[in-house]
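The block underneath contains the structure these notes are about, expressed in structure tokens.
The values are calculated or read from the model by the stated rules, or taken from the named source; none is laboratory data. Values in this document were obtained by computation on a predicted structure and should not be read as measured data. Cβ placement follows ideal geometry from the backbone for every residue including glycine, while neighbour counts extend to all protein chains displayed.
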Amino acid sequence: MQATAQRNLIVIGGSTGAIKPLLELAARLSPRFPATLLVVQHIGTHPSVLPDLLNRRGPLPAMFPRSGQLLEPGVIFVAPPDQHLLVIDGAVRLSRDPKENFTRPAIDPLFRSAAVARGPRVIGVILSGLLDDGTAGLQAIKACGGLAVVQDPDDAEEPEMPASARDNVAVDALLPAADLAEALSVLVAQDVIAAPAVPAALLHEHTLTTGEAHEPMETLDRIGKRSRIVCPECSGVLWELKGARPPRFRCHTGHAYTLNALEQAHCARTDQALWSALRALQERENLLRTIAEGHRRRDAHDAAERAMAEADHLALHAQQLQRLVAG
């Protein structure tokens, strides 16, 4: 007779608007909840008091884990600022590997690693947030036999992230935040028998996430095709991953993006470049006017006029660029 196991690992991802449903979930869980919960909230490098908030609202202990700390039932591990939270075998790993979807910690690396490590014993949960981090990770969980639970976009402060998950994943439960605790309590009590093989493409991408790919470019060639788009963070070539919906991209350095996140990242990079160009034009204009003044003091009027003419020319271009940047 085939041995059974329980769904004993819950991975949760959220961004803007996810704090309220996280606290509501924590408040409604039983103190004897039999699964480990791992949480990624998009906080970047900003300090986080999320473990303290969760500890005050519910019976389960919440904490920033140590890298290598073993998974424990009835414990909530929260990704620390500026560190990815991963599942490797039966423990957590913290890393400062490249950002995914322009953020660290990111949801997709956690979900992908959990799917590879625990297969059908994983339940992935997507909460309120912008853009679509977590959709690919939820697809990975489903591909390995796990379950997908999504906050109803109509119930979310920011519906974009849960709507992406709903539209691109075979979701097992679409619920308001108030019903999440009860649903998860039912799901973790279910026996798991089937353990499908981890898809090869998912394993390859997982090695890129963990830095275990011996030849990252060769690995990317297996799972994607080179695009004409460059990575907005390192300017390397991006590979478009085969069959990804929504479209996703990775560079050999390790940065990864959905199409929406890539557009946002390039927009930020372009905006920064334009402001830098404007500052450079204004600084050169000021320098030329200072040079012109020095020529005048030495009665070098022709040189002063040439410097002033060039400064006026730069001022005109700076005004045009400022109008473009200000939009």
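Can you find even one residue in the stretch 245-260 that is under 20 Å from residue 129 (Cα atoms), in contact with a Ser or Thr (Cβ under 9 Å, 6 or more places away or on another chain), free of Cβ contacts under 8 Å to residues at least 60 places away in the same chain and surrounded by fewer than 16 Cβ atoms within 10 Å (Cβ to Cβ)? For the stretch 245-260, residues under 20 Å from residue 129 (Cα atoms), in contact with a Ser or Thr (Cβ under 9 Å, 6 or more places away or on another chain), free of Cβ contacts under 8 Å to residues at least 60 places away in the same chain and surrounded by fewer than 16 Cβ atoms within 10 Å (Cβ to Cβ): present.
For residue 89, state whether it is farther than 24 Å from residue 176 by Cα, in contact (Cβ under 8 Å) with a residue 12 or more places away in the chain, assigned by TED's automatic domain parsing to the domain that holds residue 140 and touching a helix residue (DSSP H, G or I) at 6+ places or on another chain (Cβ under 7 Å). Lay out the reasoning, then the answer.
Working: farther than 24 Å from residue 176 by Cα: yes; in contact (Cβ under 8 Å) with a residue 12 or more places away in the chain: yes; assigned by TED's automatic domain parsing to the domain that holds residue 140: yes; touching a helix residue (DSSP H, G or I) at 6+ places or on another chain (Cβ under 7 Å): yes.
It is true that residue 89 is farther than 24 Å from residue 176 by Cα, in contact (Cβ under 8 Å) with a residue 12 or more places away in the chain, assigned by TED's automatic domain parsing to the domain that holds residue 140 and touching a helix residue (DSSP H, G or I) at 6+ places or on another chain (Cβ under 7 Å).
Here residue 198 fulfils each of the conditions (1) surrounded by fewer than 17 Cβ atoms within 10 Å (Cβ to Cβ); (2) of a type in the set (A, V, I, L, M); (3) touching a Cys at 6+ places or on another chain (Cβ under 6 Å) apart from (1).
Within the stretch 58-73, the set of residues being surrounded by 17 or more Cβ atoms within 10 Å (Cβ to Cβ) and either farther than 28 Å from residue 99 by Cα or of a type in the set (S, T, N, Q) (or both) comprises 58, 60.
So if I check each of 278, 238, which one is surrounded by 18 or more Cβ atoms within 10 Å (Cβ to Cβ) and not assigned by TED's automatic domain parsing to the domain that holds residue 322?
On inspection, the qualifying residue turns out to be 238.
Scanning the stretch 117-147 for residues that are out of contact with any Phe, Trp or Tyr (no Cβ under 9 Å at 6 or more places or on another chain), closer than 18 Å to residue 243 by Cβ and either surrounded by 24 or more Cβ atoms within 10 Å (Cβ to Cβ) or modelled with pLDDT under 95 (or both) returns 132, 135. For the stretch 48-94, a tally of residues being modelled with pLDDT under 95 and in contact with a strand residue (DSSP E or B) (Cβ under 9 Å, 6 or more places away or on another chain) returns 1.
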